Amino acid sequence: MSARSTPSVSSAGLPRLLVIMGSGETAPTMKGPHRQVFEQLAASTGGAVDAVLLDTPFGFQENVDILAAKTAEYFTDAVSRHVDIAGLARTDHSDVVGIETAIAKIRAADWVFAGPGSPTFALRQWTGTPIPEAIGAKLRDGGAVVFSSAAALTLGRKTIPVYEVYKSGADPYWVDGLDLLTAIGLPVVVIPHYDNKEGGNHDTSKCYLGERRLLLLEPELDDDVFILGVDEHTGVIIDLDAQTAKIVGKGGITLRKDAVSTRIESGEIVSFSRLQRGPFIEASGVAPVSPAEFTPKTPDTLAADGMESPSLTADATRLEADFDAALAARDADAAVAAILSLDNAMIEWGRDTLQGDEMDRARTSLRSMIVRLGAAAASGVRDPRHVLGPVVEAALAGRVAAREAKAYSVSDAIRDNLADAGIEVRDTPQGADWVIGKSASL
């Protein structure tokens, strides 16, 4: 591999940051990485960061305004940053003033974000406009480009037409991407959702393309081009000034050429030149791995690493187990805390633009927990021994006194009355003990 050049350090005062996320761009998992990027920009600007959401990738949808507002709300609530909406859902219309206004916002922004939608729709709207140059200028002159999911697909030399292949049944093919990364020494095809498993009984990895179809397409790539795969709820933060790449989130990234892959896992910080070398073993000295050889992080290992759970389903499963344990221990406060925590998790994950059916399943868990807590409340959540203890112990003390006075009929009457109430008295060498029988009405 020949050496690749990287532009000189920014003269604008802003760090040059490229952030590529596989998914989860508006989920709790990515709050930390988003904050890190904003804080790094704020250190150069004195606090304020001019941030713009590029709404083109989902601009074909009828609810584009709602999706844009929901995404902006995520950054306000979860990241404590105001993000302006570019208002550039489409460029194939006659509103020249609106288009130019949106482009001016992008040029002036310190931080530009784009996320889910259709990569080919976005490319049709952006190609032949000043938008690619305005985005690329951030990587050259200073600023942050944060692209995830569909938008991430557009960054490279080629793009997978996901909707056309996976949804419409077209034979696999490449379309030209924006090719914004060759200029920084990354002649790549970016593939987000690299470890996707939604298919269950069929392969939906490699952004729903699957391994078989990727093997068919790989030979068509130029000799210098390799694949940069980014797992779901995972990102890579590339600092072009510091020449570093930090992997964040729950998975890893894969560098691949002709079915030969190397992986870099979450938590690792490598030199940018390591990414530029790609999977080429003779240059990097890193051993190749098979996808079967790595294990995705679990909610437990994520928690140990100080990261968020990777999905709403993981949160719901964990909190329902906490609720079960609380009911078993008759701890009403802990049971209520589990319900409120799940409600809060649903609000947090509700900002995510890609949820599948997770919200419905979490809502089912929440309703079940509420119903079960109501049933427990009807019979009393507190341990009956704590409620009945003072009364039973007083009766047993009276029984002892009666026996000492040789009033055995009174002693027997106390025992029989307790038995009728479902309290079984057992005389032991250490004194009387008692248990609550199944016939007790509490």
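The values are calculated or read from the model by the stated rules, or taken from the named source; none is laboratory data. None of these values were measured; they are calculated from a predicted model. Every residue, glycine among them, receives a Cβ derived from its backbone with ideal geometry; neighbour counts consider all protein chains shown. These accessible areas exclude ligands, DNA and RNA; they are computed on the full protein's heavy atoms, side chains included. Shrake-Rupley method; radii C 1.70, N 1.55, O 1.52, S 1.80 Å.
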Once fully extended, how much extra length lies between Glu424 and Glu404, figured as 0.36 nm per residue of separation less the alpha-carbon to alpha-carbon distance? 5.1 nm
In nm, spacing of pseudo-spin labels at Gln36 and Ala104 (7 Å Cα→C-beta vector): 3.6 nm
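Membrane-span-like helices in the chain: DSSP H runs reaching 27 Å or more (Cα, own axis), mean Kyte hydropathy at least 0.0?
Working: long enough: 358-379 (32 Å, 0.03); 384-404 (29 Å, 0.27).
Result, helices passing both filters: 358-379, 384-404.
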Hey, got a sec? Which chymotrypsin sites (Phe, Trp or Tyr not before Pro) in region 149-250 land in a DSSP loop and have at most 12 other Cβ atoms within 10 Å? none
Of the listed pairs Lys167/Lys206; Lys138/Lys250; Lys197/Lys257; Lys31/Lys158; Lys105/Lys246; Lys158/Lys197, those with alpha carbons more than 19 Å apart are Lys138/Lys250; Lys197/Lys257; Lys31/Lys158; Lys105/Lys246; Lys158/Lys197
Divide by every residue of the chain the summed helix terms, -39500 (n - 2.57) for each DSSP H run of at least 4, and state the resulting mean residue ellipticity at 222 nm, rounded to the nearest 500 deg cm²/dmol. -12500 deg cm²/dmol
With a 1.4 Å probe and every protein chain kept in, tell me what percent of the accessible surface of the chain is carbon plus sulfur. 53 percent
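Let me have the relative contact order for the chain, percent, based on Cα pairs under 8 Å that are six or more residues apart.
Contact order relative to length: 14 percent.
Per residue, how much accessible surface does region 13-67 expose to a 1.4 Å probe? Answer in Å², no decimals.
32 Å²
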When the Debye formula is applied to the Cα atoms of the chain, each taken as the same point scatterer, what base-10 log of I(q)/I(0) results at q = 0.14 Å⁻¹? -1.29
State in Å² the accessible area per residue of region 142-248; use a 1.4 Å probe, count heavy atoms of protein chains only, and round to the nearest integer. 33 Å²
Pick from Asp333, Asp77, Asp315: which is most flexible by mean-square fluctuation in a GNM of the chain where alpha carbon atoms under 10 Å apart are linked? Asp333
